[in-house]
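K.L.:
Attaching a single structure in structure tokens format; questions to follow.
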Amino acid sequence: MSLSNLRWGEIVAALGGLVLGASIFIQKTYEARPENAQAQIEGLRGTVSVWQVHPIMRWVLLAAAIAPIVLLWIIIRNHELSWPRGELTAVIGLTAVTLVFYFGVIDRPGSPPGQIELDWSWYTLAGGALAMAVGGAVRASESERKRKPPGVL
């Protein structure tokens, strides 16, 4: 068990995971415009969090936020993997970025959708997920894949 195996890619990914996990609970993710009396998000007015609005995505994002912590554990304990370290964290981070982007830009919760604004916590969600993807990709690019002879699957 050695902390000297850690590089900046894993640390960035872990910090991104912590930011992503914390941002799920922050109240300022979506805001129904107060000047429009009809604007509401899932029956709520004002600002709401991801935890209040997305019953399934909140669990998916929480699971994604755990991935870089698992990567830290794998690297500190020097476990052997059959794939490059950080690769799965990068894929999970990109999936989280896609989900956050989709539910923030393309299919915003609430009605009417044009009266729902993104608040600062949405940007921390996106930033945390992006940091996970970048940190995992940097770590995966640093590890060398074992080459196989031709004709071997």
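Every number here is computed from the coordinates shown, using simple stated rules; none is lab data. Remember, predicted model here, so these are calculated numbers, not experimental data. Cβ atoms come from the backbone with ideal geometry, glycine included; neighbour counts cover every protein chain shown.
K.L.:
How do Arg108, Arg77 line up, fewest other C-beta atoms within 10 Å first?
P.N.:
Arg77, Arg108
K.L.:
Related question: For segment 14-142, what Kirkwood radius comes out of the mean inverse Cα-Cα distance, in Å?
P.N.:
15.2
K.L.:
Could you tell me the calculated FRET efficiency between Arg33 and Val91, based on Cβ-Cβ distance and R0 = 25 angstrom, to the nearest 0.05?
P.N.:
Calculated transfer efficiency: 0.10.
K.L.:
Per residue of segment 58-63, what does 6.51 cos²θ - 1.76 cosθ + 1.60 with θ = phi - 60° give for ³J(HN,Hα)? Whole Hz please, x for Gly and Pro, Karplus curve as stated.
P.N.:
Using θ = phi - 60°, the values come out as 4, 6, 5, 5, 5, 5 Hz.
K.L.:
With springs connecting C-alpha atoms under 10 Å apart, model the chain as a Gaussian network and identify which of Gln27, Gln115, Gln38 has the largest mean-square fluctuation.
P.N.:
Gln38
K.L.:
Let me ask something else about it. In whole Hz, with x marking every Gly and Pro, tabulate ³J(HN,Hα) for segment 110-121 from phi via Karplus 6.51 cos²θ - 1.76 cosθ + 1.60, θ = phi - 60°.
P.N.:
x, 9, x, x, x, 9, 9, 10, 7, 9, 5, 5
K.L.:
Between Ile26, Ile56, Ile69, where does the largest GNM mean-square fluctuation fall for the chain, given springs only between Cα atoms within less than 10 Å?
P.N.:
Ile56
K.L.:
Could you check the spin-label model distance between Thr98 and Leu18? Points 7 Å from the Cα along Cα→Cβ, value in nm.
P.N.:
2.8
K.L.:
Rank Tyr123, Ile75, Val152 by how far each Cα sits towards the positive end of the charge dipole of the chain (+1 on Lys, Arg Cβ; -1 on Asp, Glu Cβ) and give me just the farthest.
P.N.:
The listed residue farthest towards the positive side: Val152.
K.L.:
Another question about this same structure. Of Pro109, Pro84, Pro55, which has the largest mean-square fluctuation in a 10 Å C-alpha GNM of the chain?
P.N.:
Of Pro109, Pro84, Pro55, the most mobile in the Gaussian network model is Pro55.
K.L.:
Here's a follow-up. Which residue, Leu18, Val138, Ala96, has the largest displacement toward the positive end of the dipole of segment 14-142 when charges sit on each Cβ (Lys, Arg +1; Asp, Glu -1)?
P.N.:
Leu18
K.L.:
How large is the charge dipole for segment 2-153, taken about the Cα centre, if only the Cβ atoms of Lys, Arg (+1) and Asp, Glu (-1) carry charge, to the nearest 20 debye?
P.N.:
540
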